[in-house]
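Below is one structure, written out as structure tokens; the observations come after it.
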Amino acid sequence: QVQLVESGGGVVQAGGSLRLSCAVSARTLSGYAVGWFRQAPTKERDFVAAISWSSSNTHYADSVSGRFTISKDNAKTTVYLQMNSLKPEDTAVYYCAAEGPPYYSDCRQSDYWGQGTQVTVSS
């Protein structure tokens with residue numbers, strides 16, 4: 001069983017930055033990947049970024065590559081999403097999710113989800 005709790009959402013102006021956190025609780029995360037997804041109103045949930053817990057390999061959606069950075073703190077079992085150069089189209093509820101073992105690089109079959117945190121980017 002894996003539990004995830006997101007935090008760090010808020011309102012920011014276009015061009016600004018936010019850092020989201022995902023606190024992960026599990027007996028072990030070996031063989032897992034943790035990813036971030038987002039869902040805007042009336043749209044489907046989209047993959048944003050993911051990180052392998054064991055190897056720290058990362059994977060990004062094209063829409064955020066170069067602007068967002070995913071990282072983790074093993075001691076705190078927390079995954080972060082640093083979001084820079086934010087755009088109004090980044091506005092969405094952001095979810096973290098865990099998949100594995102094994103896992104896809106984009107966590108497409110995540111079994112565990114957090115409750116989400118709202119990010120609003122004003123123009």
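The values are calculated or read from the model by the stated rules, or taken from the named source; none is laboratory data. Small disclaimer: the values here were computed from a predicted structure and weren't measured. For neighbour counting, all protein chains shown are included, and Cβ atoms are generated from backbone atoms with ideal geometry for every residue, glycine included. Accessible surface is based on the protein model in full, side chains and every heavy atom, while ligands, DNA and RNA are left aside. Shrake-Rupley method; radii C 1.70, N 1.55, O 1.52, S 1.80 Å.
General remarks:
- Accessible carbon and sulfur surface of region 21-122 relative to its total accessible area, %, 1.4 Å: 44 percent
- Burial order of peptide ranges 42-51, 13-22 (average beta-carbon count within 10 Å, highest first): 42-51, 13-22
- Amide hydrogen proximity for Gly116: with H placed 1.01 Å from N in the peptide plane, the residues at 5 or more positions away or on another chain lying under 5 Å are Glu6, Cys96.
- Bridging of Lys43 to lysines at a Cα separation below 20 Å is possible for Lys87, once same-chain residues fewer than 8 apart are set aside.
- Packing-based order for 86-99, 55-68, using average beta carbon neighbours within 10 Å, highest first: 86-99, 55-68
- Integer Hz, Karplus 6.51/-1.76/1.60 couplings in order for region 16-32, x for Gly and Pro: x, 10, 9, 10, 8, 10, 10, 7, 10, 10, 6, 5, 8, 10, 4, x, 9
- In terms of overall dimensions, region 58-123 has a Cα radius of gyration and Dmax of 12.9, 41 angstrom.
- For region 1-60, the solvent-accessible area with a 1.4 angstrom probe is 54 square angstrom per residue.
- Exposure of Thr78 as accessible area (Å², to 10), given a probe of 1.4 Å and all protein chains: 20 Å²
- Long-range Cα-Cα pairs in the chain (distance over 27 Å), rounded percent: 11 percent
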